[in-house]
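Visitor: Structure in structure tokens, see below.
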């Protein structure tokens, strides 16, 4: 099939490259001419493992090309809208930007073009797009469908090519036929429903994940004070047949980034607009914000004079497998430590250029163990595999008195270094951790 993919950042580039790999002829479309020029050279706008190789392969095969003009979409069988929704520092989504870009594109496409929307937008957005197209007059009869994106940073290529299932909301069986032809090349498991149900499904999934994370961490904070181990409680929860082993119930850091917070925000806005009280959903973000300070609160409990404190931070990115700092709690932690006069040493395998505001405020190292020299405390902030390898070094394990803060127990093997390291994790009994020293 000939497919146009509109909006080329993370979601769009993965979608375009993935479809080309499956044998479709794909034109990636974006009004940003410099981004398009880079993509035609194989340069991706965002780091994602395996993506650059996939794009290079698609360009070489002739199945993939990129353009900044909608005229190059005149012969496509379907337009797949994949704009990533910009998020500000408070996790507020700029949905107007996405809607404006889509409406701009529709002024130039043919009037009967089937459209599949996967941009992260609040429920009701497809209806708004349909009304906007109609308002432009003429005989425009673009047919809209909605399929919520489900790509995780760091594993997006595999997520796209091997999904557990795909949710699709449609208006008519006529539209279903062409989508069936396209999506069956990705998976046989397709959940068909109405457009509004598909929009709500995305919100509901992320809200459930967010509420589960917050629930597990509130239980974990109680565990720390009463001598229970939240990891053992997690095992008790996940072996309950009515819950299951893949539930988002692991004690650890707060959720970061924009995806979960964005959908909670969408649901709160929709509920408020309809006068619906949602005490549970309304409490998720405040609880998560409070838990984001677990590292800071633990440091305050352990150290009194930050001006004499040296802290090593391993990992700066939002998560492993990406180079983005947006939404990173590690960045917030460094800002907090700088304000308190601590000496800070950082390492991250994907980040070479630090924020300008950090100039002369901290030191970056190319080697994680070099960054650890002279440190009073180590914070494992981003779970890159290189850090597990570093902890096997004997000099690391013999650092008497070093405080290690590892929210998700990624370096749990260090907890056995009794009499040497002081190891702390979310949901671990505080007194037991202190007495290990």
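Visitor: If the elastic network links every pair of Cα atoms under 10 Å, which of 38, 217, 408 fluctuates the most in the Gaussian network model of the chain?
Guide: 38
Visitor: Rounded to whole Å and ordered largest first, report the semi-axes of the equivalent ellipsoid of the stretch 187-226 derived from its Cα gyration tensor (root of 5λ).
Guide: 34, 11, 4
Visitor: Evaluate the relative contact order of the chain (contact order divided by residue number), counting alpha-carbon pairs under 8 angstrom at least 6 apart; express in whole percent.
Guide: After rounding, I find 12 percent.
Visitor: Could you calculate the contour length gain from residue 413 to residue 22, that is, 0.36 nm times the residue separation minus the distance between their Cα atoms, to one decimal place in nm?
Guide: Taking 0.36 nm per residue and subtracting the Cα distance, the gain is 136.6 nm.
Visitor: Quick check on the exposure proxy: order 366, 335, 323, 84 from fewest to most C-beta atoms within 10 angstrom.
Guide: 366, 335, 323, 84
Visitor: Next up: Would you kindly work out the equivalent ellipsoid of the stretch 2-188 from its C-alpha gyration tensor and give its semi-axes, the square roots of five times the eigenvalues, largest first in whole Å?
Guide: Each semi-axis is the square root of five times an eigenvalue, giving 23, 19, 18 Å.
Visitor: Highest mean first, how do 357-364, 103-110, 248-255 rank when packing is the count of other Cβ atoms within 10 Å averaged over residues?
Guide: 248-255, 103-110, 357-364
Visitor: Here's another thing I want to ask about it. For the stretch 334-385, compute Rh as the Kirkwood radius over C-alpha pairs and then the Stokes-Einstein diffusion coefficient at 20 °C and 1.002 mPa s; write the answer in µm²/s, rounded to an integer.
Guide: Result for D is 181 µm²/s.
Visitor: Taking N as the number of residues in the stretch 294-435, what is its alpha-carbon radius of gyration divided by 2.2 N^0.38 Å?
Guide: 0.97
Visitor: For a quick protection proxy, order the peptides 204-212, 273-281, 299-307, 234-242 by their average other-Cβ count within 10 Å, most packed first.
Guide: Top to bottom by mean Cβ count within 10 Å: 204-212, 299-307, 234-242, 273-281.
Visitor: Okay, next question. What percentages, rounded to whole numbers, describe P(r) for the stretch 39-102 computed over all alpha carbon pairs with 10 Å bin width beginning at zero?
Guide: Per 10 Å bin, starting at 0, the Cα pair percentages come out as 17, 36, 37, 10, 0.
Visitor: For residue 192 and residue 357, compute 0.36 nm times the residue count separating them, minus their Cα-Cα distance, and round to one decimal in nm.
Guide: Difference between extended and current length: 54.5 nm.
Visitor: If you build the Cα gyration tensor of the chain and take the root of 5 times each eigenvalue, what three semi-axes come out, in whole angstrom, biggest first?
Guide: Semi-axes, largest first: 43, 25, 19 Å.
Visitor: For the stretch 202-291, how big is Rg over Rh, using alpha carbon atoms and the Kirkwood form of Rh?
Guide: 1.01
Visitor: Counting DSSP beta bridges in the chain, what percent are antiparallel, to the nearest 5?
Guide: Roughly 5 percent of the beta bridges in the chain run antiparallel, per DSSP.
Visitor: Please work out, to two decimal places, the log10 of the ratio I(q)/I(0) at q = 0.13, 0.22, 0.23 Å⁻¹ from a Debye calculation in which every Cα of the stretch 93-224 carries one identical scatterer.
Guide: -0.64, -1.39, -1.45
Visitor: Given the rule -39500 (n - 2.57) for each run of at least 4 DSSP H residues, summed and divided by the residues of the chain, what is its mean residue ellipticity at 222 nm, to the nearest 500 deg cm²/dmol?
Guide: The per-residue figure over the chain is -12500 deg cm²/dmol.
Visitor: Multiply the residue gap between residue 238 and residue 289 by 0.36 nm, knock off their C-alpha separation, and tell me the result in nm, one decimal place.
Guide: My answer for the length gained is 15.9 nm.
Visitor: Quick one: Debye curve from the alpha-carbon atoms of the stretch 1-55 only, equal weights, vacuum; give me log10 I(q)/I(0) at q = 0.21, 0.22, 0.23, 0.26 Å⁻¹ to two decimals.
Guide: -0.69, -0.76, -0.83, -1.06
Read-outs: derived from the displayed coordinates by stated rules, not from any lab. On a predicted model such as this, the values are computed, not experimentally measured, just so you know. Please note: Cβ atoms are built from the backbone with ideal geometry, for glycine as well, and neighbour counts cover all protein chains shown.
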